[in-house]
Amino acid sequence: MDTRALHALELGKVLAYLAGFALSEPGRRACLALRPLRAPDPVVLLAGLRGAAQVFEQGRLSLLRGTVRLVPFADMEPFLNFAASPRAMPDIDDLFALRELLAQGKELIAALREDPAAGENWPLWLERCAAISWPARCSSALSRCLGDDGQIRDEASPELSLVRGDLRSLHRQCIKKVKEYAAEYNILHFLQDSFMTLSSDRYVLPLKSDFKGRLQGIIHDYSQTGETCYFEPLFLVEINNRLQNLKREEREEERKILDYLGGLVREDLPGIRALYEFLVEVDLLQARAALAECYGGRMAEFAPDRGLYLRQARHPLLALAASPAARKALRISEQRGEQRSGQDGEEEFPPEAPDQTVFPTDIELPPDRRALIISGGNAGGKTVCLKSVGLIALMGLCSLPVPVAAGSVMPPWDDIHSFIGDEQSLEDHVSTFTAQITHLSRIWPALSGRSLVLLDEFGAGTDPAQGAALAQALVDALLESGAALVAATHFPALKAYALTTDGVRAASMLFDPKSKKPLFRIAYDQVGASRALDVAREHGLPEAILRRAEQYLLLGGEDSTALVDRLNALEVTRSGEIEALRQERTAYADKERRLREDFAAERAGFFDSLRAEAQTVLKDWKAMRVSHKQTLKELSRLRAAVKATPGEAENAGPKPRITDLSVRQKVRYLPLKRAGVIQALDERKQRVQLDLGGISLWTDVAELELLDAGAEKNSPGPAGVGFSAAPAPLRLDLRGERVDVALSALERFLDRALLNGREGIEVIHGRGTGVLRREAHSFLRSSPHVRAFKLAPEDQGGDGMTIVELK
């Protein structure tokens with residue numbers, strides 16, 4: 001990638017914003033080190049870009065769900081490089097930082113793996129977790145040997161535990177002796193404090209300097225004021241000598257433990273480094289997600305043959321400058337980059353108002369065009385459009401979210417060249433024009449179909465006629481090479497060229513016809529006026545100069561401003577009408593969505609009430625509170641109130657005609673969503689009599705649909721009504737059941753038989769002890785639906801079966 005393009009398009013500033021969102025120093029370095037992806041094969045490049053987009057979207061989902069939570073972690077790169085040496089003795093602070101890093105990595109990987117939707121939502125991140133060889137021994141040893149305070153635990157080794165036990169015992173002994181000494185010689189009023197302290201790793205007493213000659217002992221040091229001397233009484237000398245020996249043994253044991261832990265780190269170094277890089281990648285992920293939140297960004301979609309379509313595109317730097325969160329992140333990034341001291345990068349910065357409003361615009365270049373030439377007034381947004389295309393393409397190649405709307409797509413350009421800004425240099429003895437030509441000559445042999453060239457007023461630094469001719473020839477040559485071009489120009493000849501040349505599309509920046517100020521919107525397939533005089537007037541040039549310029553312009557006879565102004569006014573009107581229609585369509589779509597939601601809620605409530613009422617009717621019939629005829633009448637009334645909904649009408653099966661139906665044919669009854677069997681046909685009234693599992697009713701042919709083979713078994717009844725999809729069997733076998741279970745089953749069996757219109761059933765209870773038979777007979781005797789019952793004949797089961805006659 002051309003480094004001049006990276007500098008001219010200011011990719012580094014975007015990365016500085018990104019680095020401000022990183023939680024760690026290695027994450028910040030990873031942000032600043034991002035570079036556009038390149039590959040020798042376009043297919044490989046496209047696959048890499050799409051894979052990176054999938055990784056980001058899956059990771060972003062884990063952040064939104066709260067699965068991934070990252071906290072700042074230490075920069076372990078120097079330590080890991082140092083630990084690779086066989087003679088390296090790790091520092092306890094580095095080992096503690098590694099302990100915290102491993103703990104965070106373990107928690108993060110566990111959260112990603114244990115999420116119920118992990119396999120569906122972020123499989124690529126699960127693959128990354130699986131590729132990490134977990135440093136189990138090192139992690140376990142660090143947790144066992146180092147405490148939460150960053151010090152080596154007593155339990156790190158038996159020897160260290162013994163030594164520290166002796167030290168604690170020695171300390172208690174020393175305190176006891178000091179108290180006895182102070183009490184015996186009454187020296188408490190000689191001391192500055194009533195406690196013992198350490199000086200040069202020896203126990204001493206803080207003695208007032210005025211009394212230093214009163215006691216025998218050794219003075220080790222004085223306080224800064226000189227009022228206190230640190231005095232070691234003679235009776236503490238032997239204890240302090242013992243203390244020094246124990247301290248030396250403690251340091252030796254700690255050194256052995258650190259050496260042991262350093263060996264484990266070297267053994268597990270590949271896994272540790274893989275985990276560290278994984279955490280850095282997660283830090284980069286959350287920084288990219290935070291960047292996207294600042295301007296509602298999304299990953300760019302790349303396609304080689306769909307042209308350039310950037311919907312509602314905004315220049316990334318302008319969009320970030322308008323975000324308070326992004327401005328704060330930039331300040332944090334700048335402060336981290338400075339070698340400062342005593343400043344906290346997390347301090348709150350007051351939000352600042354953005355300098356200007358960011359106007360989104362649609363940038364389009366169909367696949368049958370390779371060049372877009374933009375014209376229009378000065379300060380109208382031409383250069384911003386060029387930079388937006390180039391910077392969005394670079395950010396997409398860096399796998400960064402870009403400020404565009406859904407439906408945006410661009411070709412996978414990985415060779416971008418920018419000719420924007422003043423490139424003259426007194427030191428190199430080049431002017432703006434010669435600098436552009438020199439740069440163009442250097443890159444020309446490498447241009448191809450994967451190249452994007454951005455030209456801002458190319459040729460403006462020389463004679464206008466020759467500059468325009470050179471620019472046209474350059475566009476011809478770029479089209480022949482297959483490279484894409486986005487250019488801004490004021491040359492009338494180049495404007496006409498854009499309107500008349502195949503493969504080139506003209507565009508202009510619109511301005512308000514009344515105020516003469518730019519609207520920062522693009523109109524396609526037309527050209528725009530430069531409006532130099534209007535811009536000069538707005539910026540304060542004397543009116544006398546402007547009037548004289550207008551006179552010279554009229555004398556030259558080349559003023560086409562009126563024509564272009566008319567085209568601009570028409571385009572502004574048209575685009576305004578299109579925007580109004582778009583807003584109206586959006587409003588209608590929202591209204592339709594709300595109406596559909598309200599209709600669905602009302603429909604659900606209506607059917608719930610119908611089902612509840614039908615259930616009540618059937619319960620009344622089962623309890624013999626209403627007759628069979630009244631029940632059918634109520635169900636017929638409910639059926640008349642039910643109408644097929646629009647959604648059901650669309651999904652309904654074929655509608656039959658009366659001539660297509662026959663007796664005993666199975667059909668679907670739409671109001672109750674049930675399968676039934678035709679019992680009779682009335683061709684004159686176009687009605688049929690249906691048997692719905694024991695319930696017989698007349699209905700219109702329009703309320704039926706034909707059933708395919710096997711559809712009856714999948715046809716559910718209305719929820720809560722209690723209809724059975726199949727006729728109840730005639731025989732119930734209760735043998736082997738407990739009495740309470742058997743009676744419950746018998747009650748349900750009776751209900752199903754009644755609903756299906758059965759006149760009698762058979763109950764098998766077996767002979768056995770006769771208990772189940774007696775309880776079943778007692779239940780049948782008390783049931784209001786049983787007309788009579790008796791034991792079966794011997795050839796049908798005898799006293800092991802009861803025949804029941806229903807009312």
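What the table shows:
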item: Odd one out for Arg65, checked against (1) open to solvent by 30 Å² or more (accessible area, probe 1.4 Å); (2) in contact with a Cys (Cβ under 8 Å, 6 or more places away or on another chain); result: (2)
item: Residue list for segment 701-752, restricted to those being open to solvent by less than 50 Å² (accessible area, probe 1.4 Å), modelled with pLDDT of 75 or more and within 19 Å of Gln615 (Cβ to Cβ); result: Leu750, Asp751
item: Filtered residue count, segment 233-271, keeping only those that are part of a helix (DSSP H, G or I), in contact (Cβ under 8 Å) with a residue 12 or more places away in the chain and closer than 23 Å to Glu155 by Cβ; result: 18
item: Test: Asp283 is acidic (Asp, Glu), crowded, with 20+ Cβ neighbours inside 10 Å and out of contact with any Pro (no Cβ under 6 Å at 6 or more places or on another chain); result: yes
item: Exclusive hit being within 30 Å of Leu320 (Cβ to Cβ) and not basic (Lys, Arg), set Val265, Val280; result: Val280
item: Lone qualifier among Arg505, Arg537 - being open to solvent by 10 Å² or more (accessible area, probe 1.4 Å) and either of a type in the set (S, T, N, Q) or touching a strand residue (DSSP E or B) at 6+ places or on another chain (Cβ under 9 Å) (or both); result: Arg505
item: Single residue of Arg668, Arg687, Arg639 found to be under 26 Å from Leu754 (Cβ atoms), among the basic types (Lys, Arg), out of contact with any helix residue (DSSP H, G or I) (no Cβ under 6 Å at 6 or more places or on another chain) and modelled with pLDDT of 80 or more; result: Arg668
item: Residue among Gln192, Gln224 that alone is surrounded by fewer than 13 Cβ atoms within 10 Å (Cβ to Cβ) and more than 18 Å from Asn240 (Cβ to Cβ); result: Gln224
item: Of all residues making up segment 103-136, the number that are closer than 21 Å to Gly262 by Cβ, open to solvent by less than 20 Å² (accessible area, probe 1.4 Å) and touching a Gly at 6+ places or on another chain (Cβ under 7 Å); result: 1
item: Positions within segment 137-186 being buried (at least 16 other Cβ atoms within 10 Å of the Cβ) and within 20 Å of Val265 (Cβ to Cβ), in sequence order; result: Cys138, Ser139, Ala141, Leu142, Cys145, Leu146, Ile152, Arg153, Ala156, Ser157, Leu160
item: Those residues of segment 301-324 which are touching a strand residue (DSSP E or B) at 6+ places or on another chain (Cβ under 7 Å) and open to solvent by less than 20 Å² (accessible area, probe 1.4 Å), in sequence order; result: Phe302, Ala303, Gly307, Leu308, Leu310, Ala313, Pro316
item: Tabulated pairs, segment 165-185, first in contact (Cβ under 8 Å) with a residue 40 or more places away in the chain, second charged (D, E, K, R) and part of a helix (DSSP H, G or I), C-beta under 9 angstrom, 6+ apart or interchain; result: Asp166/Arg242; Asp166/Glu249; Leu167/Lys247; Leu167/Glu250; Leu170/Arg242
item: Strands (runs of 3 or more DSSP E) wholly inside segment 728-807 that include at least 1 residues being under 30 Å from Leu697 (Cβ atoms) and of a type in the set (Asp, Glu); result: 760-764, 801-806
item: Out of Gln343, Gln335, sole residue that is open to solvent by 40 Å² or more (accessible area, probe 1.4 Å) and either out of contact with any strand residue (DSSP E or B) (no Cβ under 6 Å at 6 or more places or on another chain) or modelled with pLDDT of 85 or more (or both); result: Gln343
item: Test: residue in segment 499-506 that is in contact (Cβ under 8 Å) with a residue 60 or more places away in the chain, in contact with a Lys or Arg (Cβ under 7 Å, 6 or more places away or on another chain) and assigned to a helix (DSSP H, G or I); result: no
item: So Val527, is it among the hydrophobic types (A, V, I, L, M, F, W, C), touching a Ser or Thr at 6+ places or on another chain (Cβ under 7 Å), surrounded by 13 or more Cβ atoms within 10 Å (Cβ to Cβ) and at pLDDT 75 or above; result: yes
item: Given (1) assigned to a helix (DSSP H, G or I); (2) more than 36 Å from the chain's Cα centre (by Cα); (3) in contact (Cβ under 8 Å) with a residue 60 or more places away in the chain, number of the condition Gln466 does not satisfy; result: (3)
item: All positions within segment 364-394 that are touching a helix residue (DSSP H, G or I) at 6+ places or on another chain (Cβ under 6 Å), modelled with pLDDT of 90 or more and not β-branched (Val, Ile, Thr); result: Arg370, Ala371, Leu391, Leu394
item: Single residue of Asp502, Asp456, Asp512 found to be charged (D, E, K, R) and touching a helix residue (DSSP H, G or I) at 6+ places or on another chain (Cβ under 6 Å); result: Asp456
item: Any hit, segment 236-255, residues being over 60 Å from the mean Cα position of the chain (by Cα) and modelled with pLDDT under 85; result: yes
item: Failed item, numbered, when Arg521 is tested on (1) in contact with a helix residue (DSSP H, G or I) (Cβ under 9 Å, 6 or more places away or on another chain); (2) surrounded by 13 or more Cβ atoms within 10 Å (Cβ to Cβ); (3) farther than 21 Å from Pro366 by Cα; (4) touching a residue at least 12 places away in the same chain (Cβ under 8 Å); result: (3)
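The values are calculated or read from the model by the stated rules, or taken from the named source; none is laboratory data. Predicted model, so just to flag it, every value in this text is computed and none were measured. Note: ideal-geometry Cβ built from the backbone for every residue, glycine included; neighbour counts use all protein chains shown. Surface accessibility is based on the protein's heavy atoms, side chains included, excluding ligands, DNA and RNA. Shrake-Rupley method; radii C 1.70, N 1.55, O 1.52, S 1.80 Å.
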